[in-house]
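FYI, it's all coordinate maths here, none of it is from the lab. Treat the numbers as computed from the prediction; the structure is a model and nothing was measured. Backbone-built Cβ (ideal geometry, glycine too); neighbour counts: all protein chains shown.
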Amino acid sequence: MVVVIGLGNPGRDYVHTRHNVGYKVADILAEKLSCRFHPAKGEYIAGIGSLRDCEIAVAKPVTGMNDSGIAVAEIVEQFGVGLDQILVVFDDFQLPLGTLRLRQSGTDGGHNGMYSIIYQLQSDAFPRLRCGIATEHMPQDKSLMADFVLSQFGRNEIPAAEDMIVRAADACLSFAADGISKAMNLHNRKIDNAE
């Protein structure tokens, strides 16, 4: 089994924000797998589908972004998977909009959700898919970054964001079916139309 975990904030106010890209990827992935989300025995919702011979669970923490690690630790325990069998999907303001970066491990990169996960798991050795949200309109002052990630994509940014979300869902399927090395080779490409 592989568990794909899309990060975001629950609630109507956050649905279309940059910080909810992980949720959006999880939604598209669930559609592709024809599975539905249900409340779980923990701080997350999940659905289970399959691709070829691989069972894939798709989960979304409902803790709020900054406490994502609580839900991820529950997911790892309840699904009985190793850290190499999870894939955490999240927005990244250090990558240009439209860019995907699949990695086997790494630091939190200044992302509060990832910080929480690394803290709760006491490890940064788990696969993650970074989805770029940076644009020319991003503030240079890092103290203003919270407002930026909680803002919605601009009208001219929506096509690139939607395309990236679909490609990210495909990268999740590739990770599950073919393993991380092949998925990295296929999906860690620079996108020409990314800002």
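Evaluated on the stretch 1-69, the Kirkwood hydrodynamic radius is 12.1 Å, with distances taken between all distinct Cα atoms.
Overall, the chain carries a charge dipole of about 280 debye about its Cα centre when +1 sits on the Cβ of Lys and Arg and -1 on the Cβ of Asp and Glu, all other atoms neutral. Within straight-line reach of Lys41, meaning a Cα separation under 18 Å, sit the following lysines at least 8 residues removed in sequence or on another chain: Lys60. For the chain, pairs of C-alpha atoms spaced more than 23 angstrom apart make up 36 percent of the total. Okay, which of the stretch 26-52 sit inside 11 Å, backbone N to the point 7 Å along the Cα-Cβ direction of Arg189? Zone members listed by number: none at all.
Quick one: Val21, Val89, fewest Cβ neighbours within 10 Å first, how do they rank? Write out the running numbers ahead of the final one.
On the way: Val21 28, Val89 31.
Sorted ascending by nearby Cβ count, the order is Val21, Val89.
With N as its number of residues, the stretch 3-114 has a Cα radius of gyration that, divided by 2.2 N^0.38 Å, comes to 1.01.
Measure nothing but the geometry: give the 0 to 90° angle between the long axis through the Cα atoms of 158-178 and the longest principal axis through the Cα atoms of the chain, rounded to 10°. Taking Cα atoms only, the helix is inclined about 30 degrees. Diagonalising the gyration tensor over the Cα atoms of the stretch 103-178 and scaling each eigenvalue by 5 before taking the square root yields semi-axes of 24, 20, 8 Å, largest first. Just checking the listed ones, Leu87, Leu121, Leu29: in the Gaussian network model of the chain with Cα springs under 10 Å, the one fluctuating most is Leu121.
Evaluated with a Cβ-only charge set (Lys, Arg +1; Asp, Glu -1), the stretch 129-183 carries a dipole of roughly 160 debye about its Cα centre, given to the nearest 20. A simple spin-label model places pseudo-atoms 7 Å from Cα toward Cβ; at Thr107 and Gln78 they are separated by 3.3 nm.
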